[in-house]
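Undergrad: This is the structure I want to talk about, given as structure tokens.
Bear in mind that the values in this text are calculations on the coordinates, not laboratory data. Keep in mind that this is a model prediction, so the values were computed, not measured. For neighbour counting, all protein chains shown are included, and Cβ atoms are generated from backbone atoms with ideal geometry for every residue, glycine included.
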Amino acid sequence: MKIGENALDFTLKDGEGDVWTLSDHRGKTVVLLFYPGDNTPVCTAQLCSVRDHWSEYQATGAEVVGISTDSVESHKGFAEKNELPLRLLSDPDRKVSTAYDMASWLPGRSARGVIVIDKDGKIAYHKAQSLSLFRPADDDVLEAIRAAG
């Protein structure tokens, strides 16, 4: 997926087992935070940082979701344990991760990356981390959300 292209629609389940579909959020900026796995040191730091900056994310009006290949049950426990305010989506077969060029060198995992989709459903920002050891900075993500308007 390249900047300016239409985002591919998808439907995944969240940690509560509820269905979340991208196209249901058309007209709103959407942020997809891809991460390799629940309860790992860097991923926990990344999502807890989002939690700690949640008021700033909310102020943008964007819909912010996390996506990994972990199960619905894993997401539920991870979110509860860390008091995460964002919805975590389960991509167990890596179809969404692959479609959005977030394939990982780690077997069965997605890469770490950020995609911002503008209100018209187009990719406004796409950044994948080649090494999953470094998490995206909240300031960079927030700036990308604001730029997508």
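Undergrad: Do you know the Lys pair count in the range 11-148 for C-alpha distances under 20 Å, with sequence separation 8 or more or different chains?
TA: For the range 11-148, qualifying lysine pairs total 10.
Undergrad: Summing +1 for each Lys or Arg and -1 for each Asp or Glu, what net charge is found among the other residues whose Cβ lies under 14 Å from the Cβ of Asn6?
TA: Here the charged neighbours net out to 0.
Undergrad: Which shape class, rounded, prolate or oblate, goes with the range 27-88 when its Cα gyration tensor gives a ≥ b ≥ c as root eigenvalues, a/c under 1.5 marks rounded, and past that a/b bigger than b/c marks prolate?
TA: Here the range 27-88 falls in the prolate category.
Undergrad: Taking the alpha-carbon centroid of each part, what is the distance from the range 72-105 to the range 26-61 in angstrom?
TA: 11
Undergrad: Also, I was wondering about something else. First select every other residue whose beta carbon is under 12 angstrom from the beta carbon of Asp18; then total the charges, Lys and Arg +1, Asp and Glu -1. Intermediate results must be reported in sequence, preceding the final value.
TA: Numbers: positive: Lys13, Lys76, Arg87; negative: Asp14, Glu16, Asp24.
Overall, the nearby charge balance is 0.
Undergrad: Select from the range 1-34 those trypsin sites (Lys or Arg not before Pro) which occupy a DSSP coil region and have at most 15 other Cβ atoms within 10 Å, ordered by residue number.
TA: Answer by residue number: Lys2, Arg26, Lys28.
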